[in-house]
Each structure stands twice: as C-alpha cells, then as structure tokens.
Amino acid sequence: WNFAGNNAVVTPDNPAVDVHGTQVAGLLAARVDNATGVTGVAGRVKILAEKVVSGGTLTSLTLARAAAYAVARGAKIITNSTNIDPLVNDPVFCAAVEFAYDRGVLWVNSAGNGNTADPPRVAVEQMLLVAATDRFDHKESYSNFGRGIDISAPGGGAADGLLTTVPVRAGSYGFAYGTSMAAPIVAGAAALIWAAHPGYTRDQVVSRLE
C-alpha cells in the first residue's frame, strides 16, 4: 500500500530516477534459481511492498500506518532505509516502533550515512541499526557508527557498489551503496534464520545475528 499517497500504487514516482526502494528490495529478496539478474540474501522470502515517501517527504504518521499495516498482516520483519533521525522524539513514531516491538516484530533500520557517531536514531532501542562495511569488513567512510549501532553489513562504496535491482525504466539492474543497502542484507539474514527456526522469538533471531 502507498501510505504517502493513500492508494495502491507502490511504484516509484519517477522510475528513471527513484530507485531506492527497488534497490533495497533486490538486495533482500531478488529471486533465486531463475537464471535472471541478481539474487537477494533471502531469495524466497515474501515481501510486502509499502511506500512511505513521496516527493522526499517522510512523516511519522505515514511510517506508523505502514508499520501497523505490516504487523496486522503477519510480517515478522520490517526493514526501513529512511532517515528517522527527525522522528526519534515524535510520539506517533515512537508508539509505532513500540507497537511492532511488543508484537515480536524485528525492525531493521539503516544507521545513516553521515559518518556520525551515535546519530539521534540510536535513542530508539527497539530496533536493529545497521552500519555499512566495505569488502575488507572495515567501516565504510560514510557510515554512521558508535555504541548505539547494533550490527554491520556490506554497504558498498562509490567505486564498488552492490549490484541490485532497479526499476525497468532505469535499466533493471545497477550498483548501489549506503547503509540503506546494508539494512536489507541484515533483514535477509534474519529471514533465513527465522525460516530455519520458525519457533524462534525475535530476540533469539537477533542473538544469532549478533
């Protein structure tokens, strides 16, 4: 569902340039064994596409409605690669995170790309914040970091991005980088753990990740 536009159109506003969501989805869930393109970390997982940004604007209400929708439909993992720093003290956003957490849902979020120690989002303890590493398992120069960041995953760099899906009008496949790309890799790993151990709680899944 498109919570930014209140309709069922979840495709990008401009598929030639608005590629972010499709990049994230590909790294998480691009299908395996179909002899086509790339493969996601959890290539057999079911995803629920939700649009929460339009015209560069993200609101706490839009994100809260999307989270509630996902939880109501049985989602076990929410992965979000938007800048939530402006929302960390917003009661609507905080209630949405708490709602998902109380129902055993794992919320995975990008750590941010400002090369900043402990960005504001670290105040939200009910989610897993993901930093980006390079091919040598070192912090990418752009990645936020600090004691409040929970886990790291490959994020790619300007010179060696991660190959993933983009909308057809943008070429179908392309390279991407950022903590936005590290987050779905962690979400995909969590999905594989949960698939192998369906009786696990969220916290048991997280303990296997870390």
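Scanning region 127-156 for residues that are surrounded by 15 or more Cβ atoms within 10 Å (Cβ to Cβ) and in a loop (DSSP other than H, G, I, E, B) gives Met127, Asp134, Glu140, Tyr142, Ser143, Asn144, Gly148, Ile149, Asp150, Gly155, Gly156.
Restrict the check to region 195-202 and report whether at least one residue is surrounded by 14 or more Cβ atoms within 10 Å (Cβ to Cβ), modelled with pLDDT of 95 or more and in a helix (DSSP H, G or I). Looking for residues that are surrounded by 14 or more Cβ atoms within 10 Å (Cβ to Cβ), modelled with pLDDT of 95 or more and in a helix (DSSP H, G or I), one finds at least one in region 195-202, hence yes.
Please specify each residue of region 6-33 satisfying the condition of being over 27 Å from Leu192 (Cα atoms) and either out of contact with any Asp or Glu (no Cβ under 9 Å at 6 or more places or on another chain) or in a helix (DSSP H, G or I) (or both). Once the filter is applied, which keeps residues that are over 27 Å from Leu192 (Cα atoms) and either out of contact with any Asp or Glu (no Cβ under 9 Å at 6 or more places or on another chain) or in a helix (DSSP H, G or I) (or both), region 6-33 yields Asn6, Asn7, Ala8, Val9, Asp13, Asn14, Pro15, Ala16, Val17, Asp18.
There is at least one residue in region 83-91 that is closer than 17 Å to Ala183 by Cβ, in contact with a helix residue (DSSP H, G or I) (Cβ under 9 Å, 6 or more places away or on another chain) and open to solvent by 70 Å² or more (accessible area, probe 1.4 Å). Any residue at all in region 96-114 that's touching a helix residue (DSSP H, G or I) at 6+ places or on another chain (Cβ under 7 Å), of a type in the set (Asp, Glu), open to solvent by 10 Å² or more (accessible area, probe 1.4 Å) and under 24 Å from Glu210 (Cα atoms)? No, every residue in region 96-114 fails to be touching a helix residue (DSSP H, G or I) at 6+ places or on another chain (Cβ under 7 Å), of a type in the set (Asp, Glu), open to solvent by 10 Å² or more (accessible area, probe 1.4 Å) and under 24 Å from Glu210 (Cα atoms).
Residue under question is Pro120, and the condition is that it be out of contact with any His (no Cβ under 9 Å at 6 or more places or on another chain), modelled with pLDDT of 95 or more and either surrounded by 16 or more Cβ atoms within 10 Å (Cβ to Cβ) or hydrophobic (A, V, I, L, M, F, W, C) (or both); does it hold?
yes
Filter region 172-194 for residues that are in contact (Cβ under 8 Å) with a residue 60 or more places away in the chain and assigned to a loop (DSSP other than H, G, I, E, B); which is most open to solvent (accessible area, probe 1.4 Å)? The selected residue is Ser172. The set of residues in region 34-77 being in a strand (DSSP E or B), under 15 Å from the mean Cα position of the chain (by Cα) and free of Cβ contacts under 8 Å to residues at least 60 places away in the same chain consists of Lys51 alone. What single numbered condition from (1) open to solvent by less than 40 Å² (accessible area, probe 1.4 Å); (2) in contact with a Pro (Cβ under 6 Å, 6 or more places away or on another chain) fails to hold for Arg169? In the conditions (1) open to solvent by less than 40 Å² (accessible area, probe 1.4 Å); (2) in contact with a Pro (Cβ under 6 Å, 6 or more places away or on another chain), Arg169 misses (1) alone.
Residue-by-condition table, conditions (1) without any contact (Cβ under 8 Å) to a residue 60 or more places away in the chain; (2) within 19 Å of Leu48 (Cα to Cα):
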site: Ile84; (1), (2): yes, no
site: Ala96; (1), (2): yes, yes
site: Val108; (1), (2): no, yes
site: Asp118; (1), (2): yes, no
site: Leu129; (1), (2): yes, no
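Residue-level check: of (1) among the charged types (D, E, K, R); (2) within 20 Å of Gly188 (Cα to Cα); (3) in a helix (DSSP H, G or I), Glu98 misses just (2).
Contact map, region 136-163: residues that are within 25 Å of Ala30 (Cβ to Cβ) paired with residues that are assigned to a loop (DSSP other than H, G, I, E, B) and among the polar types (S, T, N, Q), Cβ distance under 7 Å, separation 6+ or inter-chain. Pairs shown: Tyr142/Asn113; Tyr142/Asn115; Ser143/Asn113; Ser143/Asn115; Gly155/Ser143.
Filtering region 161-174 for residues that are closer than 29 Å to Asn89 by Cβ and of a type in the set (Lys, Arg) leaves an empty set.
The values are calculated or read from the model by the stated rules, or taken from the named source; none is laboratory data. From a predicted model like this one, the values you see are computed outputs, not experimental measurements. Glycine gets a Cβ as well: all are built from the backbone with ideal geometry, and neighbour counts include every protein chain shown. Each accessible area value is taken on the protein alone, full model and side chains, heavy atoms only, with ligands, DNA and RNA left out. Shrake-Rupley method; radii C 1.70, N 1.55, O 1.52, S 1.80 Å.
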